[in-house]
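Read the figures in this text as sums done on the coordinates, not as results from a lab. Nothing here was measured: the structure is a model prediction, and the numbers come from that model. Please note: Cβ atoms are built from the backbone with ideal geometry, for glycine as well, and neighbour counts cover all protein chains shown.
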Protein chains: 2
Amino acid sequence: MKRHIRPEVVSMKGYVPGEQPQEGEAVKLNTNENPYRASESVYETICAVCTKGLSRYPDPVAGAFREEAARQFGVSPNWILCGNGSDDILTILTRTFVGHGELLRLPSPSYILYRSLAEIQGARSEEVRFNDDWTLPHRFRVEFHNDPDDSAALRAGNRLRLVFLPNPNSPSGTVISREEILEIAESLPCPLVVDEAYATFSEFNCLDLVKKSPKIMVCRTLSKSHSLAGLRFGYVVAQPELIEQMLKVKDSYNCDSLSIAAATAAIADVEWLARNRTAILATRERLTRRMRALGFSVPESHANFTWNTHPEVPLRPIYEYLKNNGILVRYMDYPGWGDGLRISVGTDEQTDRCVDRIEEFIANPVGF
Amino acid sequence: MKRHIRPEVVSMKGYVPGEQPQEGEAVKLNTNENPYRASESVYETICAVCTKGLSRYPDPVAGAFREEAARQFGVSPNWILCGNGSDDILTILTRTFVGHGELLRLPSPSYILYRSLAEIQGARSEEVRFNDDWTLPHRFRVEFHNDPDDSAALRAGNRLRLVFLPNPNSPSGTVISREEILEIAESLPCPLVVDEAYATFSEFNCLDLVKKSPKIMVCRTLSKSHSLAGLRFGYVVAQPELIEQMLKVKDSYNCDSLSIAAATAAIADVEWLARNRTAILATRERLTRRMRALGFSVPESHANFTWNTHPEVPLRPIYEYLKNNGILVRYMDYPGWGDGLRISVGTDEQTDRCVDRIEEFIANPVGF
C-alpha cells in the first residue's frame, strides 16, 4: 500500500514529540509545560460553555479571542489568526508561503518541527548553525550562501520563501535582540516568523515589530505562558494582507468552542500572568544557580527552561538516572553540536527534587 | 506582500462555511448540527478534565478514544487516527496521498471542501457529476476518461491519487450501496475515502469494508452524530500501514485533552446515540412528508437533512424569507445542476416552524 503514499511522506521520519505519559506521578520537566494551574476563570468559562452546549459549530475565526488580543496589542482583530495550538499556526504558515521544491530556513540547534513541516510540504529546508555563543551568523540573513549549489538553486527558482526564528530559542533559552531581528527582516527576501512560544518569560518581545515591518510575523501559544498545553491554542500576529491569505489555508473550524472561550478568559486575566511569570522567573534563577554550582554550563535563559551542558560528565546517564527515579527531563543530542539536558522550570519543589538527584548522581555515578 | 504567498493560495477563493451566528436565537437548520444536547456524560467528563487541569500536553494519538472505538469496531487501535474534526482528517488524507500537480476526484454536487483541499495542496481536482437520480456514472470508477487531455495527463504522470465519496452524500442525502462502493474501490487505481459524516442516520455503513479492501478508508465526525460540532473531533479508520504514514503528517498534538476525553465518553454512551437517532429519523420523515405535500421534490434522505427542489417555485426568495424570519437553511446553487434548499433536521418544533413559514410564503409570496 505504500505506493499510494506521497514519496516525501514515506521517506520522512516524522517529528517525535517529547514523552507524554498520561498516567502516573512523574515529575515532568521535559516538554516545558507550566507547573501551575491555569487561571480559575479559564475553568469557569469552560463549564459555562458546557452549560450552553456544544451542538453548534464554533466561530470560524475565533472572534472573541481576536478582539481581546487585538485590544491588548493595540491592533485591529484582522491582524490576528488563531490556531489549534501553535503547531497548527506553523503548519498554516508553511502551507501559505512555501511551495513544493521551495526553501525554508531555520537556525540550528532549534525546533526541528520546522524541518518536518518542510518535508511534509515537499519543500526543502536549510539549517543555519548558531555560533557557539548562540548568536546568529551573517549567513542567516542573506538569500544565497557561497555554496557550490546555490547558483543552481537560483536557476531552478527554488527560492527562499520563509524563515523561522524561535525567540527565545529552544533548547538554549537565549534571545536575539529586537534590533537584530528588525535588521534580519530587512535583509531577507521573504517573511520572517518570530516564534515567541516562550517570550512571556523574556524581558522583551517583538509584537510591535509587526507594525514596523510587514515581513515580520509573530506567533504565540498559550501552552507555556498560560499553563494550557492540554487546550491547544495559538495565534499569529501579522499584517492583514497576510492574515487574509492564511485564512484560506486553515481548516474552517480549526479552534473549538471550549478553547476559544477558555483562551479568551486566559489572556484577559493579566494578574494571573504577572504572578505566574514572577514565580517561574524566581525558580529559573534557582535552577540556573544550582546547576552552575554543579559544574554545568548554563546559558542565561529567557524562557521557562534551561539548557545544561557539562565539560566532563556524560549527560545521557543522568537523563536515564532521573527517568528511573520518576523525573523526566529532555536529553538532546545535535549532530555536530553536542548533547545537553533541557530542563523545564517546575515548582521550587520539583526543581529541587530534580537537581538533588543530579547532585546525587554526580557524587556517586551509577554505572558511570 | 502578495508576492510572498504561494500563487495557488492567492488565486483560490477559499472555502466558505455556512453562516454561524454566535449570538441570537435563530432556528439554525443550515449546517446539519444536531438539535439535541449531547450525552450528559460528555459534559461531566469535560468538568472532570478541568479538575485535573490542562497544563500538560494531551496524548498525541488520543489513545483513550482509539481504544474505545477499536473495541466497538472490532479492530486494533492502530487502525484508527483521530483528528481535530473531520476537516483535519480530510486535510491529513489529502496531504498524505496527493502531491503537487497530482489529481484527486470527487463527485458533484457534493462537499466542495475537497476541491479547496486540492487547491491548497497545489494539486488538481476532478469533479464527476452524479446522474440525475444521484447514482454514480461509470466514469467515477475508471482511472482515465475519454477526454482529449487524458493521454497528456498520463504522460505527465499526474495520476489519480485519491477519491473522495461522501456517503450519505450532501446535499442530496442519498447513498451508494456497500456492494457498489466495494466495486468502485476494486476498480480504482488509488485509495477511496468514504466520508461517513452522516452515516449514523443511514441504514448501513462501510466500516467493515476497510477490512475487506485495503484501499477503502472510512472517515467520521462526532459533529452531527453526537451533537458535538463545537468540540471538533473526527477520525479515520484505515489499514495500519496507511495510518502509520498519516501519523507523520498530522500535527503532533492535533486533539486536545478535553476533546479526547469528551469524544471517548460520547461514543461510549451507545444508548444516547440510539435514542437520538430514533428522534432524528422520525423528524426527517415528518419534514420529507410535509415538503413533498407542498410540491417539493425530496430524494429519500439517509442523513440528518433533506434536499428540496421545486419544479415551479424559485427557491432563493424562500431562503431569504426564512432568514428574515430568523430561520436559517442552506440555499445552494450548483452550476449546470440547479439550485435547492438543504434543510437540516431539527426538533419537531423547529422543523414545523420552518415548514409553516415555507407554506406561508408559497401561499402568499412576498415580492414573488
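Summary table below
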quantity	calculated
Within the stretch A:40-269: Cβ-based charge dipole about Cα centre, in debye rounded to nearest 20 (Lys, Arg +1; Asp, Glu -1)	500
Mean separation of Cα contacts under 8 Å, 6 or more apart, over the residue count of chain B: relative contact order %	23
Value of Rg to Rh for the stretch B:156-296 (Rh from inverse mean 1/r over Cα pairs, i.e. Kirkwood)	1.01
Charge context of B:C219, other residues only, Cβ under 11 angstrom, K/R +1, D/E -1	-3
Segments A:96-109, A:274-287 sorted - mean Cβ within 10 Å per residue, highest first	A:96-109, A:274-287
Computed magnitude of the charge dipole of the protein assembly as shown (debye, nearest 20; Cβ of K, R +1, Cβ of D, E -1)	680
Over the stretch A:40-269: Kirkwood hydrodynamic radius from C-alpha pairwise inverse distances, Å	18.3
Using a 7 Å Cα-to-Cβ projection, B:E360 label spacings across copies, nm, ascending	7.6
Ranked by how many other beta carbons lie within 10 Å on average, peptides B:325-331, A:195-201 from highest	A:195-201, B:325-331
Average beta-carbon neighbours from other chains, 10 Å sphere, peptide A:89-100	4
Rotation relating A and B, chain B residue nearest the axis via C-beta, angstrom	B:H100, 2
Cβ crowding within 10 Å averaged over residues, with B:36-48, A:55-67 ranked highest first	A:55-67, B:36-48
Ranking of A:L54, B:L294 by count of other Cβ atoms within 10 Å, fewest first	B:L294, A:L54
When each of B:K2/B:K323; A:K250/B:K2; A:K212/A:K248; A:K224/B:K250; A:K28/B:K52 is checked by Cα-Cα distance, pairs over 27 Å	B:K2/B:K323
Positive-end residue of A:F201, A:A293, B:V249, charge dipole of the protein assembly as shown with Cβ unit charges	B:V249
Other protein chain Cβ atoms within 10 Å, averaged over every residue that makes up B:242-251	6
Net charge contributed by nearby residues that have their C-beta within less than 15 Å of A:F73 (K/R +1, D/E -1)	+1
10 Å Cβ neighbours from other chains, averaged over peptide A:254-267	4
Estimated 222 nm signal from helices in chain A, with DSSP H stretches of n ≥ 4 weighted -39500 (n - 2.57), rounded to 500	-12000 deg cm²/dmol
Dipole of the protein assembly as shown, positive end: most advanced residue of A:P311, A:P214, B:P314 [Cβ charges, Cα centre]	A:P214
Spin-label model distance (nm) - A:E127 vs A:E285, 7 Å beyond Cα toward Cβ	3.5
Charge tally in the Cβ shell below 9 Å around A:K28, where Lys, Arg are +1 and Asp, Glu are -1, A:K28 excluded	-1
Ascending list, in nanometres, of distances separating the A:D348 label from those of the other copies (7 Å, Cα toward Cβ)	6.5
7 Å along Cα→Cβ, label-point gaps from A:E271 to other copies, nm, shortest first	4.5
